[in-house]
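Below is one structure; the comments refer to it alone.
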Amino acid sequence: ILITHSLLQPVYILGSLLLAYISSLSINHWLVGVFMHRSMLAWNTPFFSFIMLIALGVDYSIFLMTRYREIDENKYLPGERIYYACAIIGTVVISAAIILSGTFAALIPSGIPTLIEVAMTVIIGL
């Protein structure tokens, strides 16, 4: 609320992050069934995946909203401002997501189902 100077934008941010979390968890559940031949995820996969994806998502959203606030609101419409903000921080966020995906991908060969599932969920969510 302090960064965006709005009550509604943080709700939208959290809503989009929850949607990304639920989507990535659902896709991972399907992949675990297909590739690992298991009908359920490990009991702690949703919790750890939630912590990682929401923490990362809030971080990236703060970067985006900070850039959004820096763009002159008298010169551009809100849609143009968010477009320019995304263009400014896009390369930083994408490169960070690629590096983080590689880090989590290193957990997959461990053979530990929880680590594999959390890694896959975070990679999909990124």
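The values are calculated or read from the model by the stated rules, or taken from the named source; none is laboratory data. Being a predicted model, the structure only gives us computed values, none of them experimental. Heads up, the Cβs are rebuilt from the backbone with ideal geometry, glycines too, and the neighbour counts pull from every protein chain shown.
Values computed for the structure shown
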{"read-out": "The range 99-126 - residue that is aliphatic (A, V, I, L, M) and under 12 Å from the mean Cα position of the chain (by Cα) and, of those, farthest from S23 (Cα to Cα)", "value": "L100"}
{"read-out": "Sole residue being assigned to a helix (DSSP H, G or I), over 22 Å from P113 (Cα atoms), small (G, A, S) and over 18 Å from the mean Cα position of the chain (by Cα), chosen from G33, G57, G79", "value": "G79"}
{"read-out": "Verdict on S61 being within 23 Å of I124 (Cα to Cα) and either modelled with pLDDT of 95 or more or charged (D, E, K, R) (or both)", "value": "no"}
{"read-out": "Contacts under 8 angstrom Cβ, first residue in the range 91-107 being in contact (Cβ under 8 Å) with a residue 24 or more places away in the chain, partner part of a loop (DSSP other than H, G, I, E, B) and surrounded by 16 or more Cβ atoms within 10 Å (Cβ to Cβ), 6 or more apart", "value": "A97/L126; L100/L126; S101/L126"}
{"read-out": "Single residue of the range 1-30 satisfying the filter (hydroxyl-bearing (S, T, Y) and farther than 30 Å from I112 by Cβ) that is surrounded by the most Cβ atoms within 10 Å (Cβ to Cβ)", "value": "T4"}
{"read-out": "Complete set of residues in the range 86-110 that are under 15 Å from D59 (Cβ atoms) and of a type in the set (A, V, I, L, M)", "value": "I89, V92, V93, I94, A96, A97, I99, L100"}
